[in-house]
Amino acid sequence: MTGTDGGRARSNTVVPERGEHSGGRASRRRGLLVGLTALLVTLPLSAAPPASAEPATVVSYPAGSTATRFTGRAFDACEAPSIATLTAWQASPYRALGIYFGGLNRGCPQQRNLTTGWVSTVSTMGWRLIPIYMGHQAPCTFRRNAVEFTASTAVALGTADGRDAVTRAKAVGLLPGSALYADVEHYAAADTTCRLAVRRFVSAWTKELHRQGYLAGVYAHLYSGARHLSDSYTSTSYARPDALWIARWDGSSALTGWRDIPNTRWASGQRAKQYQGGHDETYGGVTINIDRDYFDAPVATVAHRYQVTGTAGLTAYSQPTTAATVRATYALGAPLSLVCQTPGQSVGGTAVWDQLSNGTYVSDRDVSTPSSTTYSPPLPRCGYPYQVTTTTLNERTGPGVGYSVAGTLYAGGLAWVSCQRRGTTVSTTAVWDRLTDGRYVSDHYVATPSSTSYSAPIPRC
């Protein structure tokens, strides 16, 4: 399929299967019961983001934020496991876990382990966290005793749930740029009023999270919520969520070939699947009852604690280069709060720079990360995903239409932007976005805050 480099258009009854609906499992076992470098140019930073437009709404990332992408096997359990349990489970094939951090319909509301200290410790251990918010449910939900929204209250309650989810996420250390997943339990798919209500609710949830700098995910059954969201994927009436996590307990972890959902939808690090329901697994002598998942999607972003090393202090800059404005200095041994790493000017043998939670950058050379020359997991690479606003968009090998085409992004796909630089002019802008895989796309077709200039907080390349 032929892509494009310009032409921005920002405004653009199934019977529940056994074990895959919310009435089939006890709440003590699960809250998710459902089937369930450096070229510097001086274009001005953009002003405040424009009003949201459907279906690809602007994400208002604040300074010191980044998105975190996880690809691999994950699990979810009703209660957040203890640190001792997760230490034992480092012998497992899983490297991410779902956490039920809020929502008035959450099945395991106590979550005794889920604190900022727990989040920091398990993240340092290398676990990625998948935040799940079990808020209001569809008016025709199969979940028993659920508090529901209606078609007339869906927008207000979707917005309220989004607002509450952000508050609760921040309370446990989940930073802006995190993807928060609304758990929409399985419901009667043939109910047209219910279907309308779900679309309104998810759209409101998405816009509120985007307004506050978070990515909007949705967990839904393949044969109800997921299918209906796919049917309205290009609708100008609803904001499109950034990631889709489906429930389909067929034993296959495949992220493509989903019934009624084309592979071109949620196609760029935006899919997850819960493919096996509740069962016991044991690693390191510790047993947990879990659901199995496979992810290639955004998850939580957290701060990682390190300190200044070397023989002198450390200077923080506004961009990942010593030619940028000095923002602060840190003494030897001072604590640092890092959110991600990005390429920049080479300093003392490394081109790796660390972004701090205050939005400034320091050279990784004098930071106590595991490596002083290359990237250090579990720190993610800095990235700012925004949805593509056109049918197809060419990924190129350089910042201009004269470079060869290296791939294609589809409408609603996430352009995982790492930095921006000047290139050939496409319509109203000469800004090109460098993606985390090294390819480039014209910013004119990406739902960044500005369609004419650079967009904070994305750094310059």
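Quick notes on this one:
- Per-peptide average of other Cβ atoms within 10 Å, ordering 356-362, 183-189 highest first: 183-189, 356-362
- Neighbour-count ranking [beta-carbon atoms within 10 angstrom, fewest first] of THR87, THR193, THR68: THR193, THR87, THR68
- Classification of the range 304-366 by its C-alpha gyration tensor yields a rounded form. The axis ratio a/c (a ≥ b ≥ c) stays under 1.5.
- Proximal charge balance of ARG73 [Cβ under 9 Å; K/R count +1, D/E count -1]: +1
- Scoring 74-82, 250-258 by mean Cβ neighbours within 10 Å over their residues and listing the highest first yields 74-82, 250-258.
- Burial order of peptide ranges 338-345, 101-108, 325-332, 241-248 (average beta-carbon count within 10 Å, highest first): 241-248, 338-345, 101-108, 325-332
- By the count of other C-beta atoms within 10 Å, a proxy for reagent exposure, MET125, MET134 are ordered fewest to most as MET125, MET134.
- A straight line joining the Cα centroids of the range 243-318 and the range 386-404 runs 27 Å.
- Per-residue [θ]222 nm for the chain (sum of -39500 (n - 2.57) over DSSP H runs n ≥ 4, rounded to 500): -4000 deg cm²/dmol
All of the numbers you see were taken from the coordinates with simple rules; none came from a lab. Because the structure is predicted, anything quoted here is derived from the model rather than measured. Because the Cβ atoms are built from the backbone with ideal geometry, glycine has one as well, and the counts that use them run over all protein chains shown.
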